[in-house]
Number of protein chains: 2
Amino acid sequence: MKKEEQLKLENQICFPIYSVSRLITRAYKPHLDKLGLTYPQYLVLLVLWEENGLSVNKIGRKLLLNTNTLSPLIKRMEKNELLTRTRSKDDERTVLVDLTEKGINLKEKAASIPQELLNTLLNEDVEPSDVILLKKTLDSWINILAEDPESPADK
Amino acid sequence: MKKEEQLKLENQICFPIYSVSRLITRAYKPHLDKLGLTYPQYLVLLVLWEENGLSVNKIGRKLLLNTNTLSPLIKRMEKNELLTRTRSKDDERTVLVDLTEKGINLKEKAASIPQELLNTLLNEDVEPSDVILLKKTLDSWINILAEDPESPADK
DNA sequence: TATATTTGCATCGCACACGATTTAATCGTG
DNA sequence: CACGATTAAATCGTGTGCGATGCAAATATA
């Protein structure tokens, strides 16, 4: 590609990823609003619905988010009575996060949300195979980009 | 897919997009720090390097960002002397954004940044065809998700 | 066992995103 | 021309993201 072309917006790979990410959050919003959730809060619930009682650290490792993002976010969720925060008896540094009845019950109401987005796409002639391939590609990029920057021999 | 499976984090398409978007921003950061730019500011420059003197509105339409995000962002860039803001004489409501010498000159220094990310991926055996396909898919999703929600006959 | 290091979480400051609202300029219609 | 509707920016409030820093508990090491 010519040097002049490289900086055109339409030739950037970063921009469509950034935009689609925001557009998906936007598409989810009306559904999440009904449940009183934000998108990152919904992600925390996804994690806890799979395995309840995780530490802040473990939630962060699954979502690739640090505690400086998660701590206040989880506190807001506690205020909304979606979960409880308890210091672990084994290790006083660790905060264990447990869903409340209310948090558990949201699962049923949230179940249809991912399908809604998928339907929007499929209705516009997006091929299911495209979705699968996209996810596969992105997952491999996560593995590359989320690598612990300490581990490789960085000169 | 079984209902139980649908809400597993690993089966979400939204999560990898959200994560990769953040990881790319993170990967760009050290390069952009050298230029004193944030990632959204870099996007504004990409637009203006292609066509200088656009209105806030037009920049927003290209980046899919509203003025409530762009106005303060552009003001910060003005403070950093990357651009100037002038009310249009034709239409006093419109603010025209023009790059300064400093803003124009950053283009050369920024030219290598997208290639850096690409190289990181290619070094990890990502196929160039995957990148192209990914972009193509995401672009089509943008067209679907960014549609003006007023235009369709929404009952 | 005393001390240095590491770890888990929290706090602070800054910069987005974005819904909702405000203000001022322009446009459309009669 | 009058005046309501529309449009372009800006402002406000809330909620992320994240680098930097702080702090206390746990662990490693002398």
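Tabulated results
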| read-out | value |
| --- | --- |
| Pairs, first within 9 Å of another protein chain (Cβ to nearest Cβ) and in a helix (DSSP H, G or I) in region B:117-130, second surrounded by 10 or more Cβ atoms within 10 Å (Cβ to Cβ) and aliphatic (A, V, I, L, M), C-beta under 6 Å, six or more apart | B:LEU117/B:ALA27 |
| Output for region A:14-44, where each listed residue is more than 16 Å from DNA strand D (Cβ to nearest atom) and open to solvent by less than 10 Å² (accessible area, probe 1.4 Å) | A:PRO16 |
| Filter result for B:SER19 (without any contact (Cβ under 8 Å) to a residue 12 or more places away in the chain and of a type in the set (Gly, Ala, Ser)) | yes |
| Selection from region A:49-64 of residues that are in a helix (DSSP H, G or I) and closer than 12 Å to A:LEU96 by Cα | A:VAL56, A:ASN57, A:LYS58, A:ILE59 |
| Single condition A:THR25 does not satisfy, out of (1) within 13 Å of DNA strand C (Cβ to nearest atom); (2) not in a helix (DSSP H, G or I) | (2) |
| The one condition in (1) part of a helix (DSSP H, G or I); (2) loosely packed, with under 14 Cβ neighbours inside 10 Å; (3) within 16 Å of DNA strand C (Cβ to nearest atom) that A:LYS89 fails to fulfil | (1) |
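Here is a yes/no grid of residues against (1) on the phi > 0 side of the Ramachandran plot; (2) within 12 Å of DNA strand D (Cβ to nearest atom); (3) away from every other protein chain (no Cβ under 13 Å):
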residue: B:GLN6; (1), (2), (3): no, no, no
residue: B:GLN12; (1), (2), (3): no, no, no
residue: B:LEU46; (1), (2), (3): no, no, no
residue: B:SER55; (1), (2), (3): no, yes, yes
residue: B:SER71; (1), (2), (3): no, yes, yes
residue: B:MET77; (1), (2), (3): no, yes, yes
residue: B:LEU82; (1), (2), (3): no, no, yes
residue: B:ARG93; (1), (2), (3): no, yes, yes
residue: B:VAL97; (1), (2), (3): no, yes, yes
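The values are calculated or read from the model by the stated rules, or taken from the named source; none is laboratory data. Keep in mind it's a predicted model, so treat the numbers as computed, not measured. Counting neighbours? That spans all protein chains shown, and the Cβs are built from the backbone with ideal geometry, glycine included. Just the protein is used for accessible areas: all its heavy atoms, side chains included, with ligands, DNA and RNA removed. Shrake-Rupley method; radii C 1.70, N 1.55, O 1.52, S 1.80 Å.
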